[in-house]
1. Once you order the gyration tensor axes a ≥ b ≥ c over the Cα atoms, which shape class does segment 59-108 get: rounded for a/c under 1.5, otherwise prolate or oblate by comparing a/b with b/c?
2. In the neighborhood of R354, defined by Cβ-to-Cβ distances under 13 Å, what is the net charge if each Lys or Arg adds +1 and each Asp or Glu adds -1?
3. Quantify, in whole percent, the carbon and sulfur part of the accessible surface of segment 457-537 (1.4 Å probe; protein heavy atoms only).
4. Rolling a 1.4 angstrom probe over the protein chains, ignoring ligands and nucleic acids, what is the accessible area of Y142 in square angstrom, nearest 10?
5. Compute the FRET efficiency between L21 and K75 as 1/(1 + (r/R0)^6), taking r as their Cβ-Cβ distance and R0 = 45 Å, and round to the nearest 0.05.
6. For R410 and A578 in the same chain, what is the full-extension length gain: residue separation times 0.36 nm, less their Cα-Cα distance, in nm?
7. Taking 0.36 nm per residue of separation and subtracting the Cα-Cα distance, what length does fully extending S215 through L380 add?
8. How far apart, in nanometres, would the label points at R227 and V335 be if each is projected 7 angstrom from Cα along the Cα-to-Cβ direction?
Amino acid sequence: MTRRVPLRKRLLVRLLITSVLIAVCSVAATAWLAVETTTRALREEQGQVIAEDMDVLARLSGYAATHPDWRGVEKTVRELSARTGRRIALTTTDRTAIADSAPAGTSLPPRAAATVDPLHIDTYTERGAQRAGVDPRVVGPYRVTEAERAKLEKLADLRQRCFARNGYEAVVVQTPTGRPVVTDHDGPVASGVVPDECADGLLNTTTPTENKALSDLSDRAEKCLDRRGLNLGSQPFVTVDVTEKRLGTRYLLGKTKGTDDRTAAREADRCVDEARRAQLDPYVAPVAELFLGGGDTTAVRFDMSPDNKAKVVGAAGLVLAVTVAVTAVVATRLVRPLRALTEAAQQPPELHARVPVTTRDETGMVAAAFNELAERRERLEAQRKAMVSDVAHELRTPLTNIRGWLEVTRDGVVDPDPALLASLHEEALVLQRVIDDLQDLAAADAGTLRLHREPVRVDELVHQVAAAHRVAADTAGVALRTTADGTPWLDADPVRMRQALGNLVSNALRHTPAGGTVTLTARRDADDVVLDVTDTGTGIAAEDLPYVFDRFWRAEKSRSRRTGGSGLGLPIVRHLVAAHGGTAGVASEPGAGSVFSLRLPAAAPPG
């Protein structure tokens, strides 16, 4: 009767459930990743990292303000990227790469985050406020020389000590142009309160370098005004204010000569601004585009529209459907050989059903193992039937002889003389040997074969077996020899070992013609003791060697006792050696004799 497997426990159902769970988890993870990626992109586009962007822009604008080109900016870009955890890329206005913290070949965001131009800034001041103009770190020709700075530093030191004598704690601050300024930041000095003793005006006097730059700036601005048709007279057009209230040199630009015309003032401011940028342009790096990638800033909530939700649900459903379909096909292919295996296993034993091996995976391995098991069962069944027939044959012959002689003796045909009694006794001994052999094999198969182990000296064991078969060897005209290499020891049952060796010697004598030799050899091989029984007999054919240790097997298929025994001796040898933890083997060549070898674990000498 076929036992039906519950639906929830079927392999196909389990595979489908597992696949559905995996697909759902995969779709959910993909959707979450898509939402996170979209959120990050929106966060970048909507300016969620403005403070961080301003800091990056300020650093790069400062680099551009102090370098005539972008060579060497890669180090700064990578430092900023490592600190912010974001991608930072600089390109020219035509998107030629200048520096990029991302690997080569990575595509740029669709839009630049800002333009890096120190001559036109609108996002940077020292205090973080927004204003338009030139980056104060662009000094260009206004940087004082080393000699001028040394002179100014001495004047600044004198003024600082003057402030200290008047009770003001002031410090000397180095401005981008190299000019030192004395200030107490937010204190009286910074607010313009200067003691009369300290107001000598020497520190505020412009240096020759600054005068040269201001003169060039005035010339550029006047040319611009001339082009626009403005006449400002002969008064100085550009002046400079270097009071201690400023942390750097501040130029008062666009001051016109005594005119109230607002239009003229605006035009003057524009000309001064253009002139100043033209004057500073050779000292700054070219205009560049700044691209910023995503970072690990705090996530913002992102809500998908109904259309996007429908797309995600549709894609998830499609993935789920495809996964289930593919899994169903694969699972069906996996289950088909298992079903065939189940049907074959439920067949009656006498059919010995086989399963086709269609795959090389675990299922195919199970099918192959099942086929091997079926073959083994078929072989064992054949052996069982052959054994029954062989046992009946072995017992029938001596019993028939005994019965025949007893009947003729009972009928008075022959007299029970000593020769007849001896023949009957010999047949009885044959029966006894067959029964004893069968009993030994049954005990070995059941694992009840008893061994009385003790230290056994192998050379003495060999000599004892040879002495026991010396008479039979002399009668057959066969020379029986023994050799022993040293004195190896075994932990074994001496009676059983003599029985095993005796069976091998009896077989060797039976198959060795007169004039031949049977040799017993004992030797040590690493951790084993090897016992060889070598004969110069007829040998065994190569196709018969695998069956030598099978029960009731004889090379002579006629089963004549003239050329063979009961066919149980060698199986008993194999079981006895296996019980001692050893192995039995044979090597033979037809016409050259055979070598039967027993390999057993060696033991240490006693005492």
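The values are calculated or read from the model by the stated rules, or taken from the named source; none is laboratory data. Just so we're clear, the structure is a prediction, and the values are computed from it rather than from any experiment. Cβ atoms come from the backbone with ideal geometry, glycine included; neighbour counts cover every protein chain shown. To get the accessible areas, we keep the full protein, side chains included, count just its heavy atoms, and leave off ligands, DNA and RNA. Shrake-Rupley method; radii C 1.70, N 1.55, O 1.52, S 1.80 Å.
1. Judged from the Cα gyration tensor, segment 59-108 comes out oblate (a/c at least 1.5, b/c at or above a/b).
2. With Lys, Arg at +1 and Asp, Glu at -1, the neighbours total -2.
3. 48
4. Its accessible surface works out to 10 Å², give or take rounding.
5. Step by step, r from the Cβ atoms, then E = 0.35.
6. 55.7 nm
7. Going from the current span to full extension adds 47.7 nm.
8. Inter-label distance under the simple model: 8.6 nm.
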